[in-house]
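Written below as structure tokens is the structure these notes are about.
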Amino acid sequence: MKPTTAHVDTFARDHLPAPDAQPEFRFDLPELQFPERLNCATELLDRHVKEGRGGRPCVKAPNGPAWTYAELQAQADRIAHVLVEDCGLVPGNRVLLRAANKPMLVACWFAVMKAGGIAVATMPMLRAKELGQVIDKAQVTIALCDAALRSELKAAAAAASSTTPARIVCFGAAAPRRPERSEGSDPPSLETLMSRHDAPFRTVDTAATDTCILAFTSGTTGQPKATMHFHRDVMASCVCFPPHVLRAEPDDVFIGSPPLAFTFGLGGLTLFPMHIGASTVLLEKAGPPDLLEAIASQRATVCFTAPTSYRAMAAGAREKKLGARDGGALRKCVAAGEALPAATRALWKESTGIEIVDGIGATEMFHIFISADEAQARPGATGLVVPGYRARVVDDHGNEVPRGTIGRLAVQGPTGCRYLGDPRQADYVKGGWNYTGDAYVQSADGYFVYQSRTDDMIISAGYNIAAVEVEDVLLRHEAVAECAVIGVADDERGQIVKAFVVLRSGQRGDEAMVKALQDFVKATVAPYKYPRAVEFREALPRTETGKLQRFRLRSSELRRAP
Ligand code: 3UK
């Protein structure tokens with residue numbers, strides 16, 4: 001009989017939360033019945049080649065390589081050989097990946113999967129301090145790094161207290177001018193090592209329950225948390241939201257902004273297209289202007305990005321006629337990461353004809369678990385529970401509250417929270433349910449309406465005020481480019497609503513503008529929700545994944561208090 005794991009290095013298994021601290025996993029759909037042995041690289045990559053689709057386009061960069069499925073497989077196979085034969089990887093080892101979104105990062109990711117390793121992808125923007133925390137926490141032994149990003153990683157590896165210092169192999173360096181001299185001093189590049197291997201690599205026969213990625217949570221304060229996901233979880237993410245809500249086709253061309261180190265990006269820009277044999281365009285720079293340009297030039301059809309990015313692209317999208325309605329190629333747009341304001345949904349629809357597919361996901365849950373397709377979309381609501389998941393709104397004791405009542409969101413499904421050796425497991429998972437930290441209201445007909453992070457609800461003079469609702473109103477004002485609303489301490493009212501506003505260019509942030517915005521809110525929603533304080537900013541603090549960092553706005557308020 002085969003052992004229940006292919007891992008020789010048992011680090012991940014040894015640091016799983018105790019069984020009773022884990023959520024209950026549910027496999028309620030026929031497509032969620034996974035075999036005991038499962039490797040996601042076999043399913044997402046090798047299978048297409050084996051079944052004759054090797055010549056189909058798979059992954060490209062606008063100014064870089066364009067690989068078919070067979071070509072990506074050949075690259076991944078060479079890298080897997082390098083990992084095993086040159087770097088000594090054994091199944092279960094953690095491999096840190098550091099690069100902007102590009103085909104070579106996807107090849108490295110699949111190489112790790114094929115070799116039975118555990119991918120620890122990192123956001124390109126991370127600095128040595130954060131990378132050091134990742135190396136220590138994940139006990140990284142090997143790192144594959146874009147040469148352009150190597151200096152911070154080298155500094156991190158040198159400073160890390162990890163007992164097994166990471167071996168760093170770099171790729172993508174400009175060809176050295178005098179190769180004969182640099183060969184001696186620098187370790188060989190990944191490309192050099194790859195050129196010595198051209199045999200196919202036999203994908204390791206991993207267990208469905210072997211951990212294959214450690215995904216670090218983004219944007220929070222304090223010690224980073226690493227979530228653990230199995231080969232089975234990766235495949236589960238491909239058979240819930242994508243076929244039941246997104247419904248993309250093999251001829252679709254995916255594009256978007258989230259880094260592949262963020263599970264939103266990994267799913268939307270690699271796993272989901274590859275599961276159906278479609279293709280994906282990866283952008284190293286994917287700010288709104290770059291993304292807009294690339295959607296047009298690549299004739300992309302499915303886009304994954306954050307709500308603010310849609311808002312920032314709306315005018316350009318109309319000009320460039322991106323939407324299928326206007327003769328463009330774009331036909332499906334997914335927003336996640338934070339609440340999609342109804343104003344942004346409406347703006348994007350006017351500009352492109354496309355109804356955005358909103359979806360809430362989380363690093364802990366791997367991907368989207370509440371969403372709505374174009375036909376079911378309801379402005380201001382996230383949507384309905386995605387097939388394969390269960391969700392409910394509960395009180396502080398875990399009891400479901402009546403429809404229409406605000407409470408905590410609790411979720412169960414085929415994926416769920418497993419923090420790597422972390423006592424905070426008990427904050428996210430209670431009684432078998434995952435608590436995402438979001439406050440929601442469920443409508444009588446089942447729609448989930450986002451209210452706030454559970455710690456973001458503003459309570460002013462006894463009123464519950466959801467920050468996103470006030471933001472949505474402000475975004476409808478013509479002078480407002482971006483905004484964020486928080487509660488700040490107030491002697492008289494407990495808290496007051498404060499808005500941080502980024503104005504459109506040409507608008508003046510003066511007293512008259514403050515008054516205009518306040519009056520606008522009072523005229524649109526219940527007047528008690530208006531922002532008593534308004535501050536104009538050049539920009540708002542965001543994570544690399546585009547998520548607003550309200551805690552940074554809150555802490556800037558605390559520091560200013562007398
Ligand atoms: C918030 C949303 C309202 C919410 C993610 C899709 O964002 C992702 O993962 P993170 O771990 O953050 C999770 C938290 O972000 N959020 C995400 N989407 C929405 N709030 N409406 C939404 N549509 O607070 C959630 O708890 O960074 C999103 C897929 C994979 C992901 N990792």
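The values are calculated or read from the model by the stated rules, or taken from the named source; none is laboratory data. Computed from a predicted model, the values in this text were never measured in an experiment. Using ideal geometry, Cβ is built from the backbone for each residue, glycine included, and neighbour counts are taken over all protein chains shown. These area figures cover heavy atoms from the full protein model, side chains too; ligands, DNA and RNA do not enter into them. Shrake-Rupley method; radii C 1.70, N 1.55, O 1.52, S 1.80 Å.
Restricting to the range 527-556, give me the number of residues that are away from the ligand (no atom under 15 Å from the Cβ), open to solvent by less than 30 Å² (accessible area, probe 1.4 Å) and modelled with pLDDT under 85.
Residues flagged as away from the ligand (no atom under 15 Å from the Cβ), open to solvent by less than 30 Å² (accessible area, probe 1.4 Å) and modelled with pLDDT under 85 within the range 527-556 amount to 1.
Evaluate the following for residue 359: is it within 16 Å of the ligand (Cβ to nearest atom) and at positive phi?
no
Do you know which of the residues in the range 336-355 that are within 10 Å of the ligand (Cβ to nearest atom), of a type in the set (A, V, I, L, M) and farther than 18 Å from residue 280 by Cβ is most open to solvent (accessible area, probe 1.4 Å)?
339
Does at least one position in the range 296-303 carry a residue that is crowded, with 22+ Cβ neighbours inside 10 Å and within 16 Å of the ligand (Cβ to nearest atom)?
Yes; the residues of the range 296-303 include at least one that is crowded, with 22+ Cβ neighbours inside 10 Å and within 16 Å of the ligand (Cβ to nearest atom).
Looking at the range 239-295, which of the residues that are among the β-branched types (Val, Ile, Thr) and farther than 25 Å from residue 226 by Cα is most open to solvent (accessible area, probe 1.4 Å)?
Among those that are among the β-branched types (Val, Ile, Thr) and farther than 25 Å from residue 226 by Cα, it is 276.
Consider residue 30 carefully, then state whether it is open to solvent by 60 Å² or more (accessible area, probe 1.4 Å) and touching a residue at least 60 places away in the same chain (Cβ under 8 Å).
no
Name every residue in the range 399-441 that is in a strand (DSSP E or B), within 17 Å of residue 25 (Cα to Cα) and among the small types (Gly, Ala, Ser), in order of residue number.
Hits for the range 399-441 are 410, 413.
What is the number of the single condition among (1) open to solvent by 60 Å² or more (accessible area, probe 1.4 Å); (2) within 16 Å of the ligand (Cβ to nearest atom) that residue 396 does not meet?
(2)
Can you pull out every residue in the range 422-446 that is open to solvent by 60 Å² or more (accessible area, probe 1.4 Å), touching a residue at least 24 places away in the same chain (Cβ under 8 Å) and farther than 23 Å from residue 216 by Cβ?
431, 444, listed by residue number.
Name every residue in the range 442-458 that is closer than 25 Å to residue 241 by Cα and not in a loop (DSSP other than H, G, I, E, B), in order of residue number.
Scanning the range 442-458 gives 442, 448, 449, 450, 451, 452, 453.
Checking residue 8 against (1) more than 27 Å from the chain's Cα centre (by Cα); (2) surrounded by fewer than 16 Cβ atoms within 10 Å (Cβ to Cβ); (3) assigned to a helix (DSSP H, G or I): exactly one of these is not met. Which one?
Result: residue 8 fails condition (3) only.
Just to be sure I understand, how many residues within the range 273-290 are of a type outside the set (D, E, K, R) and under 14 Å from residue 100 (Cα atoms)?
Of the residues in that region, 5 qualify.
To keep it simple, each residue is scored yes or no on (1) away from the ligand (no atom under 13 Å from the Cβ); (2) touching a Ser or Thr at 6+ places or on another chain (Cβ under 9 Å); (3) of a type in the set (A, V, I, L, M, F, W, C).
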| site | (1), (2), (3) |
| --- | --- |
| 404 | yes, yes, no |
| 409 | no, yes, yes |
| 422 | yes, no, no |
| 426 | yes, no, yes |
| 435 | no, yes, no |
| 447 | no, yes, no |
| 455 | no, no, no |
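Which of the residues that make up the range 78-96 are closer than 21 Å to residue 195 by Cα and buried (at least 24 other Cβ atoms within 10 Å of the Cβ)?
Hits for the range 78-96 are 79, 80, 82, 83, 89, 95.
Name every residue in the range 447-477 that is open to solvent by 40 Å² or more (accessible area, probe 1.4 Å) and modelled with pLDDT of 95 or more, in order of residue number.
Correct list: 449 only.
Do we find that residue 204 is farther than 23 Å from residue 359 by Cβ, part of a loop (DSSP other than H, G, I, E, B) and either among the aromatic types (Phe, Trp, Tyr) or at pLDDT 95 or above (or both) in this structure?
When the stated conditions are applied, residue 204 passes them.
Quick check on this structure: which one of 74, 111, 107 is out of contact with any Ser or Thr (no Cβ under 9 Å at 6 or more places or on another chain) and over 28 Å from residue 125 (Cβ atoms)?
74
Identify, by number, the condition in (1) touching a residue at least 12 places away in the same chain (Cβ under 8 Å); (2) open to solvent by 40 Å² or more (accessible area, probe 1.4 Å) that residue 61 doesn't meet.
The one condition residue 61 does not meet is (2).
I'm trying to understand the selection: among the residues of the range 304-329, which are open to solvent by 20 Å² or more (accessible area, probe 1.4 Å), at negative phi and among the small types (Gly, Ala, Ser)?
Correct list: 312, 315, 324, 329.
Among the candidates 271, 282, 246, 291, which residue alone is closer than 20 Å to residue 66 by Cβ and within 15 Å of the ligand (Cβ to nearest atom)?
Result of the check over 271, 282, 246, 291: 271.
Restricting attention to the range 359-386, which residues are open to solvent by less than 10 Å² (accessible area, probe 1.4 Å) and part of a strand (DSSP E or B)?
Result: 359, 368, 369, 370, 371, 383.
Which residues, taken from the range 138-180, are at pLDDT below 95, buried (at least 20 other Cβ atoms within 10 Å of the Cβ) and among the charged types (D, E, K, R)?
152 - this is the single residue of the range 138-180 that is at pLDDT below 95, buried (at least 20 other Cβ atoms within 10 Å of the Cβ) and among the charged types (D, E, K, R).
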